[in-house]
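Here is the structure we will look at, set down as structure tokens.
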Amino acid sequence: QADHGVTGFAGCLALGVEHIATGWDHLAFLFALLLLAATLGEVAALVTAFTVAHSVTLALAVLGVVRPEAAAVEALIGFSIALVAAENGWLLGGRGRTVPWTITAALLGLAALAVAGIGAVPGMALAGLALFTACHFALLDRAERPARLRAAVAFGFGLIHGFGFAGILAEMELPADRLVPALLGFNLGVELGQLAIVAVAWPALRLLARVAGGAPHRAVAEIGSAAICGLGLFWFLTRTFE
């Protein structure tokens, strides 16, 4: 059984900070969201939506209300990263039809494989993601300012990331009397770590946007989105078919 100092509020707060600081998939998702955030209000909306969502599912999972398959959760976290980064590139590149239709078709193909028993993500979940992807890009195509839709996406995928956060506390098998303090401490630690990262990353991006007519920021956004998309796709596929 774990030591009380680790399972208590302070110990789990430190654990939450450490988890977000070393959770490369969660950080990649956060960076992908920040790359195109143009105002402090947009950042606040994105971070709030992500925070509320993953706090809800973190609590539900740790308290045993919902117990999704860990392999499917990890794979879908990879997908969330790839999709948001691909969305960045699509917005920067002129909103053509190739990206959304390619993603939708690929998801339907993976859904067919899942029905045949191949992969960790259920076929219905993949088919639902295909429908979501097609609808989301269609809505984005009509939106002059997509910030609200991106906040909604941050919330939706934040629900999945919350289940990922819950894994570390579930592994500790906490006794009932330590569960709530540990949950509160861990969640607060995650939020503090997340806010610290945003406080460093977003001002740096805004500084780049003010240099040379914004060309350095656009380059960082394009290259960063491509790299994050590739990383998310790698995580999604390897976790789906491992």
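The table below lists the values:
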| item | result |
| --- | --- |
| Residues located in segment 64-82, provided they are within 13 Å of the chain's Cα centre (by Cα) and open to solvent by 50 Å² or more (accessible area, probe 1.4 Å) | Glu74 |
| Long-range neighbours under 6 Å by Cβ, at least six apart or interchain, first residue over 27 Å from Ala147 (Cβ atoms) within segment 92-114, second in a helix (DSSP H, G or I) and at pLDDT 95 or above | Leu108/Ala130; Leu110/Leu126; Ala111/Gly123; Ala111/Leu126; Ala111/Ala127; Ala114/Gly123; Ala114/Leu126 |
| Matching entry among Val180, Val220, Val190 (being open to solvent by 40 Å² or more (accessible area, probe 1.4 Å), in contact (Cβ under 8 Å) with a residue 40 or more places away in the chain, part of a helix (DSSP H, G or I) and of a type in the set (A, V, I, L, M)) | Val220 |
| Segment 146-165 - residue that is open to solvent by less than 40 Å² (accessible area, probe 1.4 Å) and more than 14 Å from the chain's Cα centre (by Cα) and, of those, nearest to Trp24 (Cα to Cα) | Ala147 |
| Number of the exception - Leu140 against (1) in contact with a helix residue (DSSP H, G or I) (Cβ under 7 Å, 6 or more places away or on another chain); (2) open to solvent by 40 Å² or more (accessible area, probe 1.4 Å); (3) not small (Gly, Ala, Ser) | (2) |
| Residues (in a loop (DSSP other than H, G, I, E, B) and open to solvent by 30 Å² or more (accessible area, probe 1.4 Å)) located in segment 17-63 | Leu36, Ala38, Thr39, Leu63 |
| Residue under evaluation Ile103, criteria (1) under 19 Å from Leu35 (Cβ atoms); (2) open to solvent by less than 20 Å² (accessible area, probe 1.4 Å); (3) more than 16 Å from the chain's Cα centre (by Cα); (4) among the hydrophobic types (A, V, I, L, M, F, W, C), criterion not met | (2) |
| Residues located in segment 223-234, provided they are surrounded by fewer than 18 Cβ atoms within 10 Å (Cβ to Cβ) and under 25 Å from Ala75 (Cβ atoms) | Ala226, Ala227, Gly230, Phe234 |
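The values are calculated or read from the model by the stated rules, or taken from the named source; none is laboratory data. None of these values were measured; they are calculated from a predicted model. Because the Cβ atoms are built from the backbone with ideal geometry, glycine has one as well, and the counts that use them run over all protein chains shown. When the accessible area is computed, the model is the full protein with side chains, heavy atoms only, and any ligands, DNA or RNA have been set aside. Shrake-Rupley method; radii C 1.70, N 1.55, O 1.52, S 1.80 Å.
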